[in-house]
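Worksheet for the structure shown next.
Where a number appears in this text, it was derived from the coordinates with a stated rule and is not lab data. Everything numeric here is computed off the predicted structure, so don't read it as measured data. Virtual Cβ from ideal backbone geometry, glycine too; neighbours counted across all protein chains shown.
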Amino acid sequence: MTPPPYVIAVDTEVTTLRDADHLLRELAGQLPETDGLFGCTHLVRQGGRRRVALSLGSRSRTAVDTARAALTDRGHGVTDGAWDDRGRAVLYPGAAALTGTLTVAELLDRSAIERVRVLGTPTGPGPGTRLVTREFVRPQWENGELVLAAMPHIGGTLVPFEDPAPTPCCADH
């Protein structure tokens, strides 16, 4: 699957991935058409200002135009195109179906994710390898493919690399 042809970049004041995820979900909830919608986060630094920007994309120009109007009405800066080609996908076809423990084959079949990459290994996992989703699956665009980075977990399973509840740096000090 290639990235959607109609994409808008959304400038925000959001500084955390958690807040960006929430904003994407909130915005998508206000749109009349969300089938085939991709919502991504992008870490942006411009002029010393660091933030998490968003992109929304779809195969439907109408969906993107509706999103543009809603976002502009809310005071967000909106431009055509994505911030970069490495967006972290929060909203994508099939994301809601990725719950519990799935095989890699089920994950690929149920969603727009095209490949699973296991950190620290030269090859991808087999189709029967089990993945514990933790109900938090955030693939990224890599060379035009939506790819999930995963890591080894207990009992030969995998988990998505991104943790749904990360421990802040220096939390024990």
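Please label the shape of the stretch 42-101 as rounded, prolate or oblate, based on the square roots a ≥ b ≥ c of the eigenvalues of the alpha-carbon gyration tensor (a/c under 1.5 means rounded; beyond that, a/b larger than b/c means prolate, else oblate).
oblate
Quick one: work out Rg over Rh on the C-alpha atoms of the stretch 119-170, Rh as Kirkwood radius.
Rg/Rh for the stretch 119-170 comes to 0.98.
Could you derive backbone 3J(HN,Hα) for the stretch 131-137 from the dihedral phi with the Karplus parameters 6.51, -1.76 and 1.60 (θ = phi - 60°), listing whole Hz in sequence and x where the residue is Gly or Pro?
Couplings: 10, 8, 6, 6, 6, 8, 10 Hz.
How many percent of the alpha carbon pairs in the chain exceed a separation of 28 Å?
Every Cα pair in the chain considered, those over 28 Å come to 25 percent.
For the Cα atoms of the chain, what angle does the longest principal axis make with the long axis of helix 17-29, in degrees from 0 to 90, nearest 10?
Rounded to the nearest ten degrees, it is 60.
What does the charge add up to near T101, with Lys and Arg as +1, Asp and Glu as -1, over the other residues with Cβ less than 14 Å from its Cβ?
Net local charge, T101 excluded: +1.
What's log10 of I(q)/I(0) for the stretch 74-139 at q = 0.14, 0.21, 0.26, 0.28 Å⁻¹, Debye sum over Cα points only, no solvent?
Scattering profile of the stretch 74-139, log10 relative to I(0): -0.51, -0.91, -1.22, -1.34.
Can you pull the percent of Cα pairs in the stretch 1-74 with separation above 19 Å?
Distances greater than 19 Å cover 32 percent of the Cα pairs.
In the chain, what percentage of the DSSP-assigned beta bridges are antiparallel, given to the nearest 5?
Beta bridges within the chain, antiparallel portion: roughly 85 percent.
Could you list L37, L108 in order of exposure, starting from the residue whose Cβ has the fewest other Cβ atoms within 10 Å?
L108, L37
Using only Cα atoms, tell me the angle between helix 61-73 and the longest principal axis of the chain; keep it within 0 to 90° and round to the nearest 10.
Helix 61-73 and the main axis of the chain meet at about 60 degrees.
Can you find, among L98, L131, A112, the residue farthest towards the positive end of the dipole of the stretch 95-160? Put +1 on the C-beta of Lys and Arg, -1 on that of Asp and Glu.
The residue sitting farthest along the positive end of the dipole is L131.
To make sure I understand, if each residue's beta carbon is the centre and we count other beta carbons within 10 Å, what order do D65, D73 fall in, fewest to most?
D73, D65
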